[in-house]
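Enquirer: Just dropping this structure here.
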Amino acid sequence: MSEPEDRTQRLPIVEQSASAGPGRSATAYRPVPEPKAVRPRAGRFWSSRRTPAALVALVVLGAAGLLLYDVASVRAGRPAMHWRHVLADNLATRPLGDIRFEVGAAVAMALGLWLILLALTPGLRSVLPMTTGGHRVRAGLERDAAALVLRDRAMEVSGVQSVRIRVKRSRVVARARSHFRELEDVRTDLNTALGAGIAELGLASPPRLSVHVGRPAGKG
């Protein structure tokens, strides 16, 4: 479905006209624009994070199962596992400033910060969000696909021997080699061609363009 065009609704407004005489009225029309539909913002795609979630779940499950087994064993009249005795002795006798405790705390803090970072960031940095045209449909473009399209556009420029395109989230970097023509002319044509190519990709946030042109190795 295409986006509905903006329409103007005309409402009759009765006004008293001096030329119409007493008791008579003239009808005028004032345009009342309809409110425009708010387009949804095309945000980044969120990753499902299956691998980190599975690793955390396995570690928590293993630790909880081992502790539960040891507690049940002690309740049944058996002695506690050796690791519980060692851990209890170390916590009771060693100072908190011990290097092993500090290293363990630093590792635990780093893992916790990493998990928080994964939970708060979208991920899927290789997918660039595209415009939706007001529809409730989300579309994305892989960076490698965008780089391939822009590379084809760049190779159509006269004088370009080879080109390498890197597409980032907010920037497109093009490094080309020209075997004839002036470098400034090739750079100007590349800016025009790649700028039009980026506009045709339909990205929600078009990245900036940076073009570098040089001679092949061995040529001045």
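Enquirer: If you go through segment 29-83, how many residues are of a type in the set (Lys, Arg), modelled with pLDDT of 85 or more and not in a loop (DSSP other than H, G, I, E, B)?
Expert: Residues flagged as of a type in the set (Lys, Arg), modelled with pLDDT of 85 or more and not in a loop (DSSP other than H, G, I, E, B) within segment 29-83 amount to 1.
Enquirer: Return the residues of segment 80-99 that are more than 19 Å from Ala63 (Cβ to Cβ) and exposed (fewer than 10 other Cβ atoms within 10 Å of the Cβ); say none if nothing qualifies.
Expert: Correct list: Ala92, Thr93, Pro95, Leu96, Gly97, Ile99.
Enquirer: Can you name the condition, by its number, that Lys168 falls short on among (1) charged (D, E, K, R); (2) free of Cβ contacts under 8 Å to residues at least 40 places away in the same chain; (3) over 22 Å from Pro206 (Cβ atoms)?
Expert: (3)
Enquirer: Just wondering, is there one or more residues in segment 100-109 that are modelled with pLDDT of 85 or more and touching a Pro at 6+ places or on another chain (Cβ under 9 Å)?
Expert: no
Enquirer: Considering only residues that are over 17 Å from Leu148 (Cα atoms) and out of contact with any Pro (no Cβ under 7 Å at 6 or more places or on another chain), which ones fall in segment 161-191?
Expert: Result: Ser178, Phe180, Arg181, Glu182, Leu183, Glu184, Asp185, Val186, Arg187, Thr188, Asp189.
Enquirer: Is at least one residue of segment 150-162 in a loop (DSSP other than H, G, I, E, B) and surrounded by fewer than 13 Cβ atoms within 10 Å (Cβ to Cβ)?
Expert: yes
The values are calculated or read from the model by the stated rules, or taken from the named source; none is laboratory data. Keep in mind that what you see is a predicted model, and the values were worked out from it rather than measured. Because the Cβ atoms are built from the backbone with ideal geometry, glycine has one as well, and the counts that use them run over all protein chains shown.
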